[in-house]
């Protein structure tokens, strides 16, 4: 394939024209040979042979002005590696046909997903800029209207591998690319879900049988089974995807019936009333409040947490809390409002944070990771990282009353959670609101 764009060489028709039923990829790369094998085999190779898509590979060295064909230089400010020069890339992009959509493959870009691929498939021309070395001179983004696209949160040697991912995902939307056009609509992510499992001959292998429903010939049952399996695969492997598409009541009923190890059971909350700070920043003790007991208890029950601990050394406060809990769990309150009894079933009254830690350890079989919370500071763990810890160990999230946890509680904790509004000017949520937000950010809808 030529390194120079076809419209610069002249086409058989004499003018460059794309009817909109195919895409012309213009790959701007220092290593055009990188694409030799991927573009010569499989569906991509067949699509090029059938003119379902077109590919031009443009080497920025063709647009250099010195005899060494220089395309990089040292970075201003020092540092390792080299940076790709502006001018060869500018000249290459200026050579693109009118209306060409320009994509820069970069780690800071928008994640490549099925929705973005579908959008790009509507274009006649796509220029794919593949960076190398330490990157590209940042002024390129100011000179051109570029779509910044990332193949994922990992490091590659350059943009070429990401460009191949993008090209294949886009090409699958083009008429004539797939053997059966409906195949594109049945694959993972097309419906917002992961795909259902596939089987082929033989019907039994090593004692493993093909599901009976697939052999029944009943297309209605098969379609229902495949949809449920897509739901199940998504629920077990990528539950966050379930929040991106509408679910029917039948879908929800099916998901409720699935058994799954729930990380939420490894998360515990402790509401500390001593030692906490007063308005002057001194250590003090606060009183229990009815709303904190009820509302945070309801949060814990809603998200399926392992337990909720009210930590106060004051005996009269402990007596008051137990009397209140007894009223709602076994007394008249339970008979009048059974839902409230369920909400408060996981609430425990203890004398200290250490008592809460020991209780969690007795339940979980190991000491919990203690994560303190604060409205100030940068923190050293975020909600996503807490969720990852739940797969490995119990976590006790510690919330403070008054004006926040005392410094010694924060210092003795294993981690400090990043504040909810890290860049906000006003960061004074009630502890009930903070508890709700933290738990939701950690667990989401399907954990």
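Just a few scattered comments:
- Of all residues in the stretch 277-287, those that are surrounded by 19 or more Cβ atoms within 10 Å (Cβ to Cβ) and either closer than 12 Å to residue 310 by Cβ or touching a strand residue (DSSP E or B) at 6+ places or on another chain (Cβ under 6 Å) (or both) total 1.
- Subset of the stretch 99-120 (residues that are crowded, with 18+ Cβ neighbours inside 10 Å and not in a strand (DSSP E or B)): 112, 116, 117, 120
- For the stretch 150-180, the set of residues classified as closer than 16 Å to residue 32 by Cβ and assigned to a loop (DSSP other than H, G, I, E, B) consists of 157, 158, 159, listed by residue number.
- When the stretch 193-237 is filtered for residues that are in a loop (DSSP other than H, G, I, E, B) and either crowded, with 16+ Cβ neighbours inside 10 Å or in contact with a strand residue (DSSP E or B) (Cβ under 8 Å, 6 or more places away or on another chain) (or both), the ones remaining, listed by number, are 193, 194, 195, 196, 203, 210.
- Highlighted here are the helices (runs of 4 or more DSSP H) found entirely within the stretch 373-447 that include at least 1 residues which are within 26 Å of the chain's Cα centre (by Cα), within 29 Å of residue 234 (Cα to Cα) and at pLDDT 95 or above: 383-390, 431-443.
- From the options 329, 335, 323, residue that is touching a strand residue (DSSP E or B) at 6+ places or on another chain (Cβ under 9 Å) and without any contact (Cβ under 8 Å) to a residue 24 or more places away in the chain: 329
- When residues of the stretch 288-313 are limited to those that are assigned to a helix (DSSP H, G or I) and touching a residue at least 60 places away in the same chain (Cβ under 8 Å), the one surrounded by the fewest Cβ atoms within 10 Å (Cβ to Cβ): 291
- Taken over the stretch 256-276, the criterion of being in a helix (DSSP H, G or I) and touching a helix residue (DSSP H, G or I) at 6+ places or on another chain (Cβ under 6 Å) is satisfied by 263, 264, 266.
The values are calculated or read from the model by the stated rules, or taken from the named source; none is laboratory data. Quantities reported herein were computed from a predicted structural model and do not represent experimental measurements. Please note: Cβ atoms are built from the backbone with ideal geometry, for glycine as well, and neighbour counts cover all protein chains shown.
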